[in-house]
Amino acid sequence: AARRLTKTAVTQPALFVIEYALAQLWLSWGVRPAAMIGHSLGEYVAACLAGVLTLEEALAIVAARGRLMQGLPAGAMLAVPFGEEEARLIVRDSKLSLASINGSRTCVISGALAEVETLGQDLLKKDPNSYDAHRILGALAFANARQAYNTGQNDTGKTLLKTATSEFRKANAVKPDQ
């Protein structure tokens, strides 16, 4: 079981189920959210709890996402203490991507393991005392911004995910007056 959980295709749905079950436990205790927000898989849980997606729809999307990500090369992420502009300069002429902008001075850069490690080492060499970065490696990181659904550098994966979400939207579309 532990080995299977290192596979993104298994881990993604497993984490979704745990998050959903935890939310259901809180609801059963009478704790009702005034608003919901989530990150990554948590977005799907929040959408499911808010009634935007049924449990079955959310699980289907999460499972498809996990399968797509499992088929892509492993990558790494590096949290860096830079704003968006500085982070974009770092990735501009490289194979790295700006994965997320988490705050005015907090971004995440992602890419192939070797490139991310090289960037981390270069940044540490420049300022070993003030550089406060950490990386999240391997299958349990789940994300590499260059993967299918984020930047389009993998057109096949991006097309598959767009198709899956487009089909979902078409099947569940409602007119504004409904």
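The values are calculated or read from the model by the stated rules, or taken from the named source; none is laboratory data. Since the model is a prediction, treat every value here as computed from it, not as a measurement. Cβ placement follows ideal geometry from the backbone for every residue including glycine, while neighbour counts extend to all protein chains displayed. Note: accessible area is taken over every heavy atom of the protein model, side chains too, but ligands, DNA and RNA are not part of it. Shrake-Rupley method; radii C 1.70, N 1.55, O 1.52, S 1.80 Å.
Go over the candidates Gly83, Gly103, Gly51 one by one and state the one that is without any contact (Cβ under 8 Å) to a residue 12 or more places away in the chain and closer than 22 Å to Asp127 by Cα. Don't jump to the end; show me each part of the working.
On the way: Gly83 fails: without any contact (Cβ under 8 Å) to a residue 12 or more places away in the chain; Gly51 fails: closer than 22 Å to Asp127 by Cα.
Step by step, each of Gly83, Gly103, Gly51 is checked, and only Gly103 is without any contact (Cβ under 8 Å) to a residue 12 or more places away in the chain and closer than 22 Å to Asp127 by Cα.
Entry remark, the stretch 26-73: residues being in a helix (DSSP H, G or I), farther than 29 Å from Val116 by Cα and open to solvent by less than 70 Å² (accessible area, probe 1.4 Å) number 11 in total.
Every residue in the stretch 6-25 that is open to solvent by 80 Å² or more (accessible area, probe 1.4 Å) and not charged (D, E, K, R), please.
Ile18, Leu22
Within the stretch 89-108, being touching an Asp or Glu at 6+ places or on another chain (Cβ under 6 Å) and either open to solvent by 100 Å² or more (accessible area, probe 1.4 Å) or part of a loop (DSSP other than H, G, I, E, B) (or both) holds for Lys95, Leu96.
Within the stretch 1-12, residues that are more than 16 Å from Ala64 (Cα to Cα) have Cβ atoms under 7 Å from residues that are of a type in the set (Gly, Ala, Ser) and loosely packed, with under 11 Cβ neighbours inside 10 Å in no pair, counting only partners at least 6 apart in sequence or on another chain.
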